[in-house]
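The values are calculated or read from the model by the stated rules, or taken from the named source; none is laboratory data. Only a predicted model underlies this, so the values are computations on that prediction, with no experimental measurement involved. Using ideal geometry, Cβ is built from the backbone for each residue, glycine included, and neighbour counts are taken over all protein chains shown. Areas reflect the complete protein model, heavy atoms only, side chains present, ligands, DNA and RNA absent. Shrake-Rupley method; radii C 1.70, N 1.55, O 1.52, S 1.80 Å.
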Amino acid sequence: AEYMGTLDSRCVPAVMEEIADAYNRPRRDFGRPCNFTLRDAALLVDQLTNAPIDIRAEPDALNNYVVRNPVDVAVERRQVVSLHEVNTEHVQTESHGVLHAEGGWPKDVNTLEAGSKDRHRRKIEKDDVFVQRLKSLADTAEVAIRENNALDIYESYFVGETADHSGEPPSARTITVLRDPSPNKRAAAAMSWQGDSGGKMAIAYAVLSFQAMRDGVSVSSYVWDLESPSAPELEITPPSPLWSLQFNPKEPHVLLGGCYNGLVAFWDTRKGSTAANAISAVERSHRDPVYDCKWVQSKSGAECVTCSTDGMVYWWDVRKLGEPIESLEVAVPKSETPRLGAVVIDYDFTMPTKFMVGTEQGVILSCNKKARTPSERVQRVFRGHHGPIYALQRNPFFPKFFLSVGDWTARMWNEDTKSSIIVTKYNASYMTNAIWSPTRTGVFFTSRMDGSLDVYDYLHKQNDPTLTIKVSDSELRALAIHSSGSLLAVGDGDGTTSLLRLSSGLSELQNQERQIVGSMLEREQKREKMLETRERELKVQTKQKNDAATSQLDDIADMSPEMQRQVQQEFDEMLQQVSEEQKALLASSAVQEY
């Protein structure tokens, strides 16, 4: 049995005799793996002749062998990597509406009549098959209901919990850049987001330098799709370069624009690249550039307000732009100063009758549209800036407090105080714009002429900016923040718009932030009121002293010459008496020292 696997040459056919051989090996060794072991070096010998094997080189090849000493070998230990670029294809998406109609009824049943459906329902319920079908459907529905009760797929696991980003350092990164397609240098004068989707925005391009408009410069502005930033999606062709624009919050496809020549126009972006749908009449429009325009609260959603440096504020209905529906002359009441040039206007939908106007003289006017007379429309005047008001906006959480920029500082105001309650430090560079965060109570952004963007977070830091970003080498002009608070668009004087994504710490509301910032603003308001009250008291006291001194002089002037001489004599005698008393006092003190 041990030698069952032995192979004998006598069993090999005759046709294979020339290559046949006999192998004698135990069956248990068949298929056994080779086992290698370590052993000392040995001389290789030929198995047939038992002679050593000569492995020396051939003589001819040995003559060509050259010994290289030393030998240099380069070895790269770093992992070899490769760089690939892939441009994914843009996916076009479309939105389609579906009308769900009631179905499943036979053709002879009128679904619009309740009686017809009831008769068909009673007919089906009398059928014997109805009960069986209903039972089978009930069993299927019961299984699904039990599965839903076992696991709530709509359960919210983190209800009421908020993420704490207080320890996260503030940051912002550039995610895309939009450049003016025009070959001529133009500034990004104004920007507006379209709706709440965050996918599109309109940018107005214009030459802002005084009398620097040249022939041949493009007057077009554009609507950009942020998913395709290489080229604008829509071109807007106004009669004159746009200096201000804004999308309608109720109808996001309607765009309002104010032109350099004082005209007001609007566009419907659904109609594609086209001229304005309607333009105001030249004789009824502004005489200077329309520096700002805002949509206002109305039943039709088609009313807007514009302001210009010609000193006028106009209300319009875009459905009929032949003439403004109402106007206001920007001037300080009961003042000899002529009308003031309006640069910026602020309107809040939560306060539909109130609005504020910032002027190029550095004065802020708080107005009420529903006043009885035009002179009563200007309710309060705020002074404090040394230059034109470039930015003016109410706090979205506390509308009584508003922010302004008009020189090297940004100031916070309250409607009930004449002076500013909070003032930032004076910057070396002039400030050009400012905007509140729509999601953070105490966060606002300011832009400067040196191309820097400052982020102020009053919840953590009140004296200095929390974050400063060098956005451009040119001056920054326009700011627009998305309603989500995480996307900020910054436009500069070269026509470049940088889109920044803010960190969660700058865009998400912090724990008890609204209460803390609100109490801080109220405290500063009370302090400013106390200072104003003390200032009024000092003015009253000074006035009373001046009136008393004036009355004494008037009494002396009404005396006769003899009475005046008598009063003068009594005054001289009193001085002489006081002089003698001082001499006696000095003499007595000298005697005591002696």
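One table, with the values for the structure above:
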| quantity | calculated |
| --- | --- |
| Test item: Cα-centred dipole of the stretch 300-352, Lys/Arg +1 and Asp/Glu -1 on Cβ, debye | 60 |
| Over 27 Å between alpha carbons, listed pairs Lys200/Lys370; Lys461/Lys529; Lys320/Lys418; Lys299/Lys334 | Lys200/Lys370; Lys320/Lys418; Lys299/Lys334 |
| Extension gain (nm, one decimal) between Val81 and Asn110, 0.36 nm per residue minus Cα-Cα | 3.3 nm |
| Rh (Kirkwood; distinct C-alpha pairs) - the stretch 439-490, Å | 11.6 |
| Tilt relative to the chain, helix 114-125 - C-alpha long axis, 0 to 90 degrees, to 10 | 30 |
| At R0 = 25 Å, FRET efficiency that the Cβ-Cβ distance of Ile516 and Asn368 yields, to 0.05 | 0.20 |
| Full-extension gain in nm, Glu227 to Ile153, via 0.36 nm per residue minus C-alpha separation | 23.3 nm |
| Separation between Cα centres of the stretch 483-503 and the stretch 192-245, rounded to whole Å | 15 |
| Set of lysines near Lys135 by C-alpha distance (under 25 Å), chain-local residues within fewer than 8 positions excluded | Lys117, Lys123, Lys126 |
| Glu535-Lys271 FRET efficiency (beta carbon distance; Förster radius 51 Å; 0.05 resolution) | 0.30 |
| 1.4 Å probe accessible area per residue over the stretch 422-489, in Å² | 34 |
| Linear extension gain, Arg380 paired with Lys117, 0.36 nm per residue minus alpha-carbon span | 88.0 nm |
| Reachable aspartates and glutamates, given that their alpha-carbon falls under 13 Å from the alpha-carbon of Lys294 and they are not under 8 places away in the same chain | Glu303, Asp317, Asp346, Asp348 |
| Neighbourhood charge, 11 Å Cβ-Cβ cut-off, centred on Val381 and excluding it, Lys, Arg +1 and Asp, Glu -1 | +4 |
| Given charges at beta-carbon only (K, R positive; D, E negative), |dipole| of the stretch 142-289 in Debye | 1060 |
| Accessible heavy-atom area order of Phe382, Phe130, Phe30, Phe397, highest first, probe of 1.4 Å | Phe30, Phe130, Phe397, Phe382 |
| Charge tally in the Cβ shell below 15 Å around Val332, where Lys, Arg are +1 and Asp, Glu are -1, Val332 excluded | +2 |
| Cα long-axis angle, helix 128-150 against the chain (0 to 90 degrees, to the nearest 10) | 80 |
| Convex hull of Cα atoms in the stretch 355-481, direction-averaged projection (nm²) | 8.0 |
| Portion, in percent, of the accessible area of the chain that falls on carbon or sulfur, probe 1.4 Å | 51 |
| Reciprocal of mean inverse Cα separation for the stretch 31-83 (Kirkwood radius, Å) | 17.6 |
| Helix-only mean residue ellipticity at 222 nm for the chain, each DSSP H run of n ≥ 4 adding -39500 (n - 2.57), per residue, nearest 500 | -7000 deg cm²/dmol |
| Whole-Hz couplings from phi, Karplus 6.51/-1.76/1.60, listed for the stretch 489-506; x for Gly and Pro | 9, 10, x, 10, x, 9, x, 9, 10, 9, 9, 9, 9, 7, 5, 4, x, 9 |
| Positive-end extreme of charge dipole, the chain - chosen from Tyr260, Asn69, Ile53 (charges on Cβ) | Tyr260 |
| Cα long-axis angle, helix 513-558 against the chain (0 to 90 degrees, to the nearest 10) | 20 |
| Tail weight of P(r) past 46 Å, computed on alpha-carbon pairs of the chain, percent | 51 |
| Under 19 Å from Lys425, Cα to Cα: aspartates and glutamates that are on another chain or at least 8 residues apart | Asp407, Asp450, Asp454, Asp457, Asp464, Glu524, Glu528 |
| Pairwise label distance in nanometres, Glu94 with Met351, each label 7 Å out on the Cα-Cβ vector | 4.7 |
